[in-house]
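See below for the structure under consideration.
The values are calculated or read from the model by the stated rules, or taken from the named source; none is laboratory data. None of these values were measured; they are calculated from a predicted model. Cβ: placed from backbone, ideal geometry, glycine included. Neighbour counts: every protein chain shown.
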Amino acid sequence: MRKKLALILISLDECFTKKGFSGGGHKVTKNLVEQLVKSEKFEIDIYCKKGTTWNNTVSGINSITVFNSKHFKKDLEACLEQKAYDYILSSDVLLPFANNLLHSNSSRYKSKKCKSPLMSKVLRIYNHRKIRNQEKNISYDKSTFTVSESLKEDYVENLKLNPDKVFVTIPATDDVQAFVEPEKKDYFTLGAIAGGGLNKGGYLLLYAMSKLPKSSKIKARIIFPKIKKAGFFKLLIKLLKLEDRIELLPKQADMNEYYKTIDCYVLPSLNEAFGLVVTEAAANSKPSIVSSTTGVRELIKDNKNGFIFKREIDKIENLTNKIIEVSDLFLYNHEEYVNIAKCAHEIAESLSWKQFGDVIIENMVAE
């Protein structure tokens with residue numbers, strides 16, 4: 001007999017979108033839903049903050065309830081009390097009575113990881129309410145799931161979770177293409193996604209590229225999802241005299257086509273729980289340069305299946321040097337670059353959404 005499962009998420013529409021995803025967390029949640037359905041272990045009711053109340057989104061879902069109000073948690077708790085669920089699982093909505101799947105760093109962690117001790121103090125004061133809300137709303141007796149070891153360490157240290165009740169489950173990619181050997185060219189093209197303020201590192205990439213020698217054969221195709229709000233970013237490109245090196249793009253409907261136009265992806269984020277774009281790039285035979293503060297770095301072996309630059313100190317210099325190192329490899333030691341690209345592709349091949357879902361299902365059921 002199937003067990004009754006309440007699945008809580010932010011927006012069903014953003015998980016099952018036809019216009020492209022606005023973030024990796026929505027892709028992860030989409031695949032979580034599909035794996036729960038495929039397991040055939042549960043009768044699933046979905047509750048979400050935003051969305052439309054249609055039932056044909058995913059076959060295998062019993063019901064969908066949308067609370068389009070400011071009192072989501074209060075309305076949700078009142079509704080759940082009326083039904084006897086065997087399990088309650090929440091994706092990126094912290095609930096003290098549920099198993100929680102976490103996609104982002106804690107507010108306390110983000111307050112610590114910033115430019116200076118002074119800024120850290122300012123952020124701790126500014127984020128005081130968020131920090132207290134997270135401490136209040138996360139579950140301390142249920143299993144918690146994180147998408148990287150570093151994210152687990154964050155919540156164990158900053159929210160004092162029991163490490164024996166926190167399980168790491170690595171996201172996969174939706175579509176792993178057959179390996180295609182990188183084409184040898186006389187120039188090197190980086191890819192990146194900007195936006196998200198200072199946290200995502202788009203500005204860091206611009207500053208790093210401004211330090212490149214004028215003779216370098218390096219360009220970048222940078223996606224700025226909210227392109228209409230890219231005014232300052234465009235101004236900075238102009239001030240840094242990077243107009244000939246940077247091509248700014250809007251949100252892409254087909255990321256696989258985008259990956260085909262670059263040679264290497266760059267993830268310069270300060271706080272990044274995982275970094276799904278890196279494994280997506282790998283699925284398209286493209287290695288990545290990632291910062292030492294991202295969760296996905298745990299899958300990367302520097303100069304073996306990708307590249308890591310140290311972000312904690314001298315970040316601009318370190319990223320610039322790494323870009324030069326990788327571009328030289330591509331341009332002048334292409335055979336070695338092909339081997340690294342092939343090893344990157346093997347990362348994507350080694351991951352599966354079934355394995356991702358099984359970690360959650362097995363440990364939730366084991367309680």
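Points worth noting:
- Within the stretch 246-315, strands (runs of 3 or more DSSP E) holding 2 or more residues that are under 22 Å from ILE218 (Cβ atoms) and aromatic (Phe, Trp, Tyr): 307-309
- Selection status of GLU317, over 16 Å from PHE179 (Cβ atoms) and either in contact (Cβ under 8 Å) with a residue 40 or more places away in the chain or within 19 Å of the chain's Cα centre (by Cα) (or both): yes
- On inspection, GLU243 passes the criterion of being touching a helix residue (DSSP H, G or I) at 6+ places or on another chain (Cβ under 9 Å), farther than 20 Å from THR173 by Cα and either touching a residue at least 12 places away in the same chain (Cβ under 8 Å) or not hydrophobic (A, V, I, L, M, F, W, C) (or both).
- Index of the failed condition, LEU198 passing every other in (1) modelled with pLDDT under 95; (2) crowded, with 22+ Cβ neighbours inside 10 Å; (3) over 23 Å from LEU351 (Cα atoms): (2)
- Of all residues in the stretch 264-275, at least one satisfies being touching a Cys at 6+ places or on another chain (Cβ under 8 Å), over 27 Å from ASP175 (Cβ atoms), of a type in the set (A, V, I, L, M) and touching a residue at least 40 places away in the same chain (Cβ under 8 Å).
- Subset of the stretch 135-179 [more than 21 Å from the chain's Cα centre (by Cα), touching a residue at least 24 places away in the same chain (Cβ under 8 Å) and within 25 Å of LYS342 (Cβ to Cβ)]: PHE179
- Strands (runs of 3 or more DSSP E) (entirely within the stretch 143-200) containing at least 3 residues that are more than 15 Å from ASN100 (Cα to Cα): 188-193
- Qualifying residue in the stretch 115-127 (condition: farther than 24 Å from LEU351 by Cα, modelled with pLDDT of 90 or more, outside the structural domain of ILE237 (by TED's automatic domain parsing) and in contact with a helix residue (DSSP H, G or I) (Cβ under 8 Å, 6 or more places away or on another chain)): no
- Scanning the stretch 86-104 for residues that are among the small types (Gly, Ala, Ser) and assigned to a loop (DSSP other than H, G, I, E, B), we see that the one that is surrounded by the most Cβ atoms within 10 Å (Cβ to Cβ) is ALA98.
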